Every structure is written in structure tokens, then in C-alpha cells.
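Since the structure comes first, as C-alpha cells, the remarks are kept for the end.
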Amino acid sequence: MDRQRLHTLEVISSGSLYKPRGRLIWGDNFEVMRALLDEGYGGRFKLIYIDPPFGTETHFKRRITTGSERLTIKQIAYSDRWSGRIDRYLDMLYPRLELMRELLRDDGVIFVHCDWRTGAYIRVLMDDIFGRRNFLNEIIWHYGGRGAKAVSGQFPRNHDTILVFGRTRKASLKKVFMERRIPVGEAGRYGYRMDGDGRYFKTSPRGDYTEESIKRLEKEGRIYRTRTGRVRIKYFIEKRGDMLIDRKLVGDVWDDIPDCMHNPPLERTAYGTQKPEALLVRIIEAGSEETDLVGDFFSGSGTTACVAERLGRRWIVCEKGQTGIYVTRGRLMKIDHHPFTLERPEGEWRNTPSRDVTSRVTIEGPSITPAGNGSVEVSITLKDYRLLRLPGGVSMKDPSRLFDMAGRDFTVLVESWSVDWDYDGRVFRGRSHSIKEGPDSSIDTTMSSVLEAKKRTIAVHVVDIFGNRTGVEICLPG
Ligand SMILES: C[S@@+](CC[C@H](N)C(=O)[O-])C[C@H]1O[C@@H](n2cnc3c(N)ncnc32)[C@H](O)[C@@H]1O
């Protein structure tokens, strides 16, 4: 079978010229992982997290909200249909897990997120591919009550399972602690007392401490005697200002991270199966160090990429669907990010800027004014964005409402737009960007830059709320 190479469609930076640190790859992960192996990525990933479809037999959608009227539109994000055949699902997953194993470092770890539908089957695949001796954990993520709806005739199903395996026995996870903050005034309620030095402590029975150990602890001031003279061991708690910080070692049941429905609004992307950033923070912190390479090959709305970026990891993520790719691109652009690339397998990239034209962009300008020292200030205005018809996979009650709204204010259709001030005809390097912060927030429609006065091509890319990208090129005379 022909090997695919990855082609860079776009380098997204906020002006900086640093080397891209993250790679967002749009394509089937099987081809993408093979291409990465060809590039020499075998044995280079410290951590891989995947959250593959769960075999739900449904289509997952993303809810798009736009304009001051907060019009709601649904768009198919991906299909999770297997004709009821778990064997088809497992046939898809098995070779992909094998490639992930090849990509991992010897001390690398993989986290596979699943639920009651596929968890038991995936555990068997993992044992087979990674080896039972490399099993590290089965984490129960108890995401809290989704309530009575799921209850009829059974206990409510309110946890997912995350299987963790090492590539070899060299792999290990760091200890993670959970902090609970207790106001000093409530110390007693949580079983804490204060000693003569103003330190707060809890006690526990002496257990099997020897007399010798007790003597040592006595010297350290860690022995507490009850009124009846029984020996107990003191455990001090850290005090920060008016708070006591109760640290608890995190075990394999995680019940302190709510699901996405309870996420802060700014984190929610309305991508059907988005996972909370707090979950990925815990995973990435436990399994990798800063600058390590982290991967996610079913990356959906890009939670792993965003968290890895924030935690200073290098990252490569892959997603098959256009919706997930452009949600991820937008999420990353809204955080403080290093430059990253958007790539596609070579055979597919030519079709990427939609051949099937569904939109039209109108640009005003460029307007050029001398800026001294052989430079000019160039300004470009986004004048109009027209949607010729609704893209496939999009459904809404009354499409004419969207077209009416867009007729009054075309920016309701625009998610972001970017300018490459010196386009090389191959890779779009957006240096100026304007992105909508929220569904009804506005977008700057003019961008400018001071440039050396020379003949050049300026390229403009507009990404609409459905994740369609339309480009325009403008030639600037010297
Ligand atoms: C459960 S979602 C992942 C959600 C993600 N964890 C998040 O926080 O948004 C699974 C994703 O895998 C993608 N996917 C399914 N098959 C794929 C494949 N063969 N290659 C790449 N992506 C795939 C789907 O499009 C979907 O977005």
C-alpha cells in the first residue's frame, strides 16, 4: 500500500516566527500514524490519550449558536455506527492500537477512554497488544449524576473507564494529589485539632509502629496521647492564610471531575463528546513532563491539544472530521499558543479548500500608505461573506432565518479570518487573525500590517461557523 506523506496546509501563529510546536492533523489516524512512523516518530511519544467512539450506533452532532438572536444549528460531527457489530469496531481499533504502541517510547504510557459498551473488549485487545504485564490502571471516571433519565430498569450509568498501559515495564505514572481547602474556622468539623504551636493535625492509631519508631516520632513531636494514655500518630496539615490544605493521594476512582455539561461556559464547544480539560490535565501531568511529546489520535474537539499546549508539552493530534478540526483550531487560537501546523495526508490536501464552492468572500483593499524606510502600511477589510447554500450535514428548523440574519450582518457566518502577508503559494502562514470569542461577540473586519514595499502575494482565509475555509489571494505590485 502506498505510504502517505503529510502536507502542511497552514501554520498558525500569533505573529511569532518560532518553529511550530504542535501538529493538528486532519485525516484518518491509520494513514496519519503510518506517515508519522515514516517520518521517524517511532518510539518518540511519552503519552498517548485516546477517546475513540464508544460504539453507540449514533451520529454525534455539534450545536452551533450564532448571532445576537442565538440561532441554533446542528451539524454532524462524526458517525459512530457499526451496524450493531462489535467485531467491525474492534477490527477498526486493533491495527490502530498497534501503531500507537510503535509510536510510544519505552517508558511511554497510553490512556484509552471507553465505557460499558466497549471497555471489556478493549481491555482484551490491550492485553494482547501491550501485554498484561504492562497494565498500569483501570481508572473509573465517575462524572456525576446525569440523573433519573438513564435509570429506568437499571442503576444509573455514570462512569467511564480509562485503561492505562505502559509500552514496557519502564513506564510509570507520577503520584497525583487532590487538594481540598478547609477554612480554619471549620477545622474541627473535619477532625483537625490545633497543637500548642498553632499547627493543625489529625491523628490515627499507632498501627504496627515499633517502640523505636514511636521514640523517633516522639522526638519529631508527632505523638499524641489520649486521655487514657493511648498513643496515636499525628499528621500535620499545611496552612495557607486562612485555609487548611488537605492533600489526598488520587487513586483509581476519580469522582472530583464533573462532565462537560458542568464545565465553565468558556470551555464548552458544544461538540457532542467533548471531555473536560480537568481530566486531561490530570492525565497529562501524571504521565509526562514539560516538553515531552503527547498524542491523541481521536482528538475530536481538541481537548488534549489545548491542555498539552497549556502545560508546555509538544503535541500531535489527529482527527478525521472537519468539524472537530476547525473547533480545535479555533480553541487553540483563543489560548496563548505557540505556532502550530494544520496538516493533511498529501493525497487529500488538494480537496481541502472546498472545490464544491458553497461560499463567496469579498475583500476591500488593500489600501496602502507609505510608512517610511521603504515600508508600507497595508490594510485589508473583510467586506462580505456569502453562503450559497447550507453545507451538507447541517440541519436547522428554518434556514431562511440564518440567511436573513446574514443578509443584515454577514459576520454571523464568520468564525475567524486570517491573513498571510507574504504567501508563498503553498503553505498559508497566517500572521494576523481575528476570531470570535463567543457566539454573539463581534469580529474585527479590518487588519493591517507594516511591510517591506515589494511585490508580494497576500492571502486571506475565512473560516465560517461550519468549519468551511475559503481563500482569496491578492497580488501587491512592488
Ligand atoms: C469521542 S470523540 C473524541 C472527543 C475528544 N476527546 C474531545 O474532548 O473532544 C471521537 C473522535 O474520533 C474521531 N475519529 C473516529 N474515527 C477516526 C479515525 N479513524 N481517525 C481519526 N479520527 C477518528 C471522530 O471524528 C471523533 O471526533
Seminar exercise, completed: Contact list, first residue from region 195-206 and within 13 Å of I237 (Cβ to Cβ), second anywhere and assigned to a loop (DSSP other than H, G, I, E, B) and open to solvent by less than 30 Å² (accessible area, probe 1.4 Å), beta-carbon distance below 6 Å, six or more apart or interchain, is Y200/A187; Y200/Y192; Y200/I237; K202/Y192
Seminar exercise, completed: Of (1) assigned to a helix (DSSP H, G or I); (2) without any contact (Cβ under 8 Å) to a residue 60 or more places away in the chain; (3) away from the ligand (no atom under 16 Å from the Cβ); (4) not basic (K, R), G251 satisfies every one except (1)
Exercise. If we only count strands (runs of 3 or more DSSP E) wholly inside region 111-188, which ones have 1 or more residues that are aliphatic (A, V, I, L, M), within 30 Å of R85 (Cβ to Cβ) and not assigned by TED's automatic domain parsing to the domain that holds Y200?
Worked result: 135-142, 159-166
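Every residue, every condition in (1) at pLDDT 95 or above; (2) basic (K, R); (3) surrounded by fewer than 20 Cβ atoms within 10 Å (Cβ to Cβ); (4) within 16 Å of the ligand (Cβ to nearest atom), yes or no:
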{"position": "Q4", "(1), (2), (3), (4)": "no, no, yes, yes"}
{"position": "G55", "(1), (2), (3), (4)": "no, no, no, yes"}
{"position": "I76", "(1), (2), (3), (4)": "no, no, yes, yes"}
{"position": "G84", "(1), (2), (3), (4)": "no, no, yes, no"}
Exercise. If only one of L311, L342 is under 12 Å from the mean Cα position of the chain (by Cα) and more than 10 Å from the ligand (Cβ to nearest atom), which one is it?
Worked result: L311
For this session: Evaluate region 445-466: report whether one residue or more is out of contact with any Gly (no Cβ under 9 Å at 6 or more places or on another chain) and either assigned by TED's automatic domain parsing to the domain that holds I73 or loosely packed, with under 13 Cβ neighbours inside 10 Å (or both).
Result: no
For this session: All but one of (1) part of a helix (DSSP H, G or I); (2) of a type outside the set (A, V, I, L, M, F, W, C); (3) in contact with a strand residue (DSSP E or B) (Cβ under 9 Å, 6 or more places away or on another chain); (4) open to solvent by 80 Å² or more (accessible area, probe 1.4 Å) hold for K61, so report the exception by its number.
Result: (1)
Exercise. So is E319 touching a residue at least 60 places away in the same chain (Cβ under 8 Å), among the acidic types (D, E) and within 15 Å of the ligand (Cβ to nearest atom) or not?
Worked result: yes
Exercise. Considering only region 327-336, how many residues are farther than 24 Å from G108 by Cβ and either assigned to a loop (DSSP other than H, G, I, E, B) or away from the ligand (no atom under 12 Å from the Cβ) (or both)?
Worked result: 6
For this session: Of all residues in region 205-216, count the ones that are open to solvent by less than 30 Å² (accessible area, probe 1.4 Å) and of a type outside the set (V, I, T).
Result: 1
Exercise. Quick check, is R105 assigned to a loop (DSSP other than H, G, I, E, B) and among the basic types (K, R)?
Worked result: no
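I need the full set of residues from region 207-216 which are in contact (Cβ under 8 Å) with a residue 12 or more places away in the chain and either of a type in the set (S, T, N, Q) or not in a loop (DSSP other than H, G, I, E, B) (or both), in order please.
Scanning region 207-216 gives a single hit, I214.
Listed here are the residues, each with its yes/no results for (1) within 22 Å of the chain's Cα centre (by Cα); (2) outside any strand (DSSP E or B); (3) away from the ligand (no atom under 13 Å from the Cβ).
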site	(1), (2), (3)
V11	yes, no, yes
S14	yes, yes, yes
F30	yes, yes, no
Y41	yes, yes, yes
I48	yes, no, no
E69	no, yes, yes
Problem set entry | Pair list, Cβ under 8 Å, 6 or more apart: region 42-53 residue of a type in the set (D, E, K, R), other residue near the ligand (Cβ under 8 Å from one of its atoms) and assigned to a strand (DSSP E or B) | D51/H113; D51/D296
Exercise. Does region 170-178 include one or more residues that are of a type in the set (F, W, Y) and more than 16 Å from the ligand (Cβ to nearest atom)?
Worked result: yes
Exercise. Does A286 meet the test of being at pLDDT 95 or above, over 27 Å from L451 (Cβ atoms) and within 14 Å of the ligand (Cβ to nearest atom)?
Worked result: no
Exercise. Tell me, which strands (runs of 3 or more DSSP E) wholly within region 369-471 include 3 or more residues that are more than 26 Å from T66 (Cα to Cα)?
Worked result: 375-387, 446-452, 456-464
Exercise. Would it be correct to say that R310 is open to solvent by 20 Å² or more (accessible area, probe 1.4 Å) and touching a Ser or Thr at 6+ places or on another chain (Cβ under 9 Å)?
Worked result: no
Problem set entry | Sole residue being within 16 Å of the ligand (Cβ to nearest atom) and not in a helix (DSSP H, G or I), chosen from T203, T291, T304, T273 | T273
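Output yes when any residue across region 217-235 is part of a loop (DSSP other than H, G, I, E, B), open to solvent by 60 Å² or more (accessible area, probe 1.4 Å) and closer than 20 Å to R331 by Cα, and no when none is.
Within region 217-235, not a single residue is part of a loop (DSSP other than H, G, I, E, B), open to solvent by 60 Å² or more (accessible area, probe 1.4 Å) and closer than 20 Å to R331 by Cα.
Out of everything in region 16-28 that is under 19 Å from the mean Cα position of the chain (by Cα) and in a loop (DSSP other than H, G, I, E, B), what residue ends up being farthest from E102 (Cα to Cα)?
Here the residue is P20.
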Exercise. Of the residues in region 102-144, how many are β-branched (V, I, T), crowded, with 16+ Cβ neighbours inside 10 Å and away from the ligand (no atom under 16 Å from the Cβ)?
Worked result: 2
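The values are calculated or read from the model by the stated rules, or taken from the named source; none is laboratory data. The model shown is predicted, which means the values in this text are computed figures rather than measured ones. With ideal geometry, Cβ positions are generated from the backbone for all residues, glycine too; neighbour counts draw on all protein chains shown. Please note that ligands, DNA and RNA were not included when accessible areas were found on the heavy atoms of the full protein model with its side chains. Shrake-Rupley method; radii C 1.70, N 1.55, O 1.52, S 1.80 Å.
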